[in-house]
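The next block holds one structure in the form of structure tokens; read it before the comments.
The values are calculated or read from the model by the stated rules, or taken from the named source; none is laboratory data. Note that the coordinates shown come from a computational prediction; the quantities given were computed from them, not determined experimentally. Virtual Cβ from ideal backbone geometry, glycine too; neighbours counted across all protein chains shown.
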Ligand SMILES: [Zn+2]
């Protein structure tokens with residue numbers, strides 16, 4: 001499998017004076033530390049400044065008591081090629097989302113490609129090409145350096161186990177939303193999900209009514225029978241299943257419960273509450289389902305976090321975990337958690353200027369979007385004060401190295 005090589009290395013980066021360190025882990029969402037040390041893109045130390053080896057840093061960042069969290073992971077996107085979406089003819093949407101704190105995007109299928117192939121060899125070729133192209137795009141620094149995990153084929157009738165083995169051998173790790181292609185029956189989907197899983201390919205299923213003319217309804221019975229790894233947009237994209245069916249999915253399946261921005265907002269809130277009450281918050285993961293008919297929202301992840309925290313009344317530090325550590329674990333990714341050995345993908349935030357909240361977490365719980373002051377991917381600074389969020393009260397500064 002071809003993997004593009006990122007030439008630029010971060011060297012040693014010391015990040016100090018962190019005012020609030022969000023871990024991404026909902027079991028221990030806040031860490032008692034004010035310093036992170038990074039070496040060539042990986043976290044090597046987390047702790048109090050005096051206890052960390054901070055000597056001879058290539059770069060030092062003074063957080064000025066602002067917050068640091070793992071970079072947000074958008075669990076559900078529809079990239080096509082490059083930093084372009086044909087759905088709304090927009091350029092630069094991935095880089096724009098990076099300004100909203102997103103450092104990783106996961107493709108739920110490159111379904112908006114005009115003339116998308118539906119014959120099996122074409123489906124496989126597109127998946128492999130998309131995986132390569134997005135990997136290479138990141139290495140080239142296009143799209144703000146966001147890690148776009150793409151090459152997610154939409155399964156079609158007639159595929160056999162060897163097709164999944166071939167794609168896996170070529171580097172494909174994801175399936176696009178089941179139900180967007182010709183495979184719509186539960187038993188047929190289940191067989192392909194099992195083949196995919198056997199070959200290390202993770203699967204997602206479309207849940208709910210049709211998204212756009214041409215797609216179809218997938219109800220709870222089909223979702224349960226298919227048993228994909230991710231119950232994709234459980235709150236619909238946009239049209240949600242009846243709430244009783246959503247509850248059934250939460251209760252009878254043990255798979256990831258994905259809530260998206262471009263879905264039914266009432267069901268999003270009810271699902272988040274239900275998962276808390278069922279004591280399975282670890283299964284809740286967040287995405288945008290953009291680009292879509294609803295467009296691209298560069299702040300979609302932050303908006304969804306603020307929506308769920310404020311209206312479903314869930315502590316903001318837990319909801320940040322739904323968008324980071326939970327996705328890391330449910331999707332077996334290295335990024336998304338602040339732990340030694342993990343990639344240094346970070347979003348630096350502060351409460352927005354003039355928010356009524358007393359601090360960052362309080363402002364999000366009041367429904368305000370935080371201000372992003374810096375975004376870092378693999379230890380490299382990708383933006384400083386975001387051009388898209390409301391201005392952060394305070395932003396981290398890069399201290400000149402002597
Ligand atoms: Zn969908």
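Could you identify the single residue in 127, 139, 152 that is under 26 Å from residue 92 (Cβ atoms) and within 16 Å of the ligand (Cβ to nearest atom)?
Values: 127 fails: within 16 Å of the ligand (Cβ to nearest atom); 139 fails: within 16 Å of the ligand (Cβ to nearest atom).
152 is the lone residue from the list that is under 26 Å from residue 92 (Cβ atoms) and within 16 Å of the ligand (Cβ to nearest atom).
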I need the full set of residues from segment 184-207 which are modelled with pLDDT under 95 and either buried (at least 22 other Cβ atoms within 10 Å of the Cβ) or within 15 Å of the ligand (Cβ to nearest atom) (or both), in order please. 184
Applying the selection to segment 102-119, what residues are more than 16 Å from the ligand (Cβ to nearest atom), touching a residue at least 40 places away in the same chain (Cβ under 8 Å) and in contact with a helix residue (DSSP H, G or I) (Cβ under 6 Å, 6 or more places away or on another chain)? 102
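Here's the yes/no breakdown for (1) assigned to a loop (DSSP other than H, G, I, E, B); (2) more than 17 Å from residue 269 (Cα to Cα):
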| site | (1), (2) |
| --- | --- |
| 285 | no, no |
| 297 | yes, yes |
| 302 | no, no |
| 305 | no, no |
| 309 | no, no |
| 313 | yes, no |
| 317 | no, no |
| 320 | no, no |
State whether one or more residues within segment 151-159 are over 18 Å from the mean Cα position of the chain (by Cα), more than 24 Å from residue 323 (Cβ to Cβ) and either at pLDDT below 95 or in a helix (DSSP H, G or I) (or both). no
Within segment 222-233, is even one residue under 30 Å from residue 389 (Cβ atoms), surrounded by fewer than 24 Cβ atoms within 10 Å (Cβ to Cβ) and at pLDDT 95 or above? no
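Within segment 316-339, does at least one residue satisfy the condition of being surrounded by fewer than 17 Cβ atoms within 10 Å (Cβ to Cβ), in contact (Cβ under 8 Å) with a residue 60 or more places away in the chain and within 15 Å of the chain's Cα centre (by Cα)?
Within segment 316-339, one or more residues are surrounded by fewer than 17 Cβ atoms within 10 Å (Cβ to Cβ), in contact (Cβ under 8 Å) with a residue 60 or more places away in the chain and within 15 Å of the chain's Cα centre (by Cα).
Looking at residue 87, is it without any contact (Cβ under 8 Å) to a residue 60 or more places away in the chain, over 27 Å from residue 325 (Cα atoms) and within 16 Å of the ligand (Cβ to nearest atom)?
No; evaluated as a whole, the condition is false for this residue.
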Can you report the number of residues in segment 221-234 which are without any contact (Cβ under 8 Å) to a residue 60 or more places away in the chain and either within 15 Å of the ligand (Cβ to nearest atom) or part of a loop (DSSP other than H, G, I, E, B) (or both)? 7
Of the residues 287, 357, 295, 341, which is farther than 26 Å from residue 109 by Cβ and touching a strand residue (DSSP E or B) at 6+ places or on another chain (Cβ under 9 Å)? 341
Across segment 160-182, what is the number of residues that are within 16 Å of the ligand (Cβ to nearest atom) and either farther than 28 Å from residue 84 by Cβ or at pLDDT below 95 (or both)? 4
